[in-house]
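Structure first, commentary second.
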Amino acid sequence: MQEIHDMEDLNQFIFDTVSKHLLIQNAISMDGDSCRYRSDSGLKCAIGILIKDEYYSPELEGNDIGDDIVNIAIIKSLNIKQYSSVTENILFELQQIHDMYSTCSWPKELKRIAEEFGLKLNCID
């Protein structure tokens, strides 16, 4: 993991990690009709990729960003004390891309998020 010195570094790290993951996986993590942090087939959603195995639990499923159980898993996985409301908004937007858009729309939506939050497009052509 790259060194994170401040919230700007954290936001860029999250964006890079999730963008790269989504574009390589190119599939929605679902079981049945529900998006999942981790699917039974091994896929991970935009937030699921950030959660380390030791902090993942099936109890996370069905909870949203903003719910304590999910926030704690993310914070522990990233080895940080907390994250800002801007970071939470980025996480929410990244999750929305996964959950609400077709995979062919992901590059365009990732570019929109980068522009909106002043992030670099390190993983997008």
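Each value in this text was obtained by applying a stated rule to the coordinates, not by laboratory testing. These numbers come from a predicted model, not from an experiment. Every residue, glycine as well, gets a Cβ built from its backbone with ideal geometry; the counts of neighbours run over all protein chains shown.
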Fill in the blank from the handout: Checked against (1) in contact with a Cys (Cβ under 6 Å, 6 or more places away or on another chain); (2) in a loop (DSSP other than H, G, I, E, B), GLY42 satisfies every condition except (1)
Handout entry: Filtered residues of segment 18-39 (kept if among the aliphatic types (A, V, I, L, M), in a loop (DSSP other than H, G, I, E, B) and free of Cβ contacts under 8 Å to residues at least 24 places away in the same chain)
Key = none
Exercise for the section: Go through (1) in contact (Cβ under 8 Å) with a residue 60 or more places away in the chain; (2) of a type outside the set (A, V, I, L, M, F, W, C); (3) surrounded by fewer than 18 Cβ atoms within 10 Å (Cβ to Cβ); (4) part of a helix (DSSP H, G or I) one by one and return the number of the condition LYS120 breaks. Expected result: (4)
Problem - Residue list for segment 90-117, restricted to those being of a type in the set (A, V, I, L, M) and loosely packed, with under 15 Cβ neighbours inside 10 Å - result: MET100
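Of all residues in segment 62-87, which are of a type outside the set (Val, Ile, Thr), surrounded by fewer than 15 Cβ atoms within 10 Å (Cβ to Cβ) and assigned to a helix (DSSP H, G or I)?
Scanning segment 62-87 gives ASP68, LYS76, SER85.
Please verify whether segment 37-45 includes one or more residues that are surrounded by 14 or more Cβ atoms within 10 Å (Cβ to Cβ) and charged (D, E, K, R).
So the first thing to find is which residues in segment 37-45 are surrounded by 14 or more Cβ atoms within 10 Å (Cβ to Cβ), and the list is 37-39, 43-45.
Checking the rest, the ones that are also charged (D, E, K, R) come to 38, 44.
Scanning segment 37-45 turns up at least one residue that is surrounded by 14 or more Cβ atoms within 10 Å (Cβ to Cβ) and charged (D, E, K, R).
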Exercise for the section: State all residues of segment 2-58 that are closer than 13 Å to ILE97 by Cα, of a type outside the set (A, V, I, L, M) and out of contact with any strand residue (DSSP E or B) (no Cβ under 8 Å at 6 or more places or on another chain); if no residue qualifies, say none. Expected result: PHE15, SER19, ASN26, CYS35
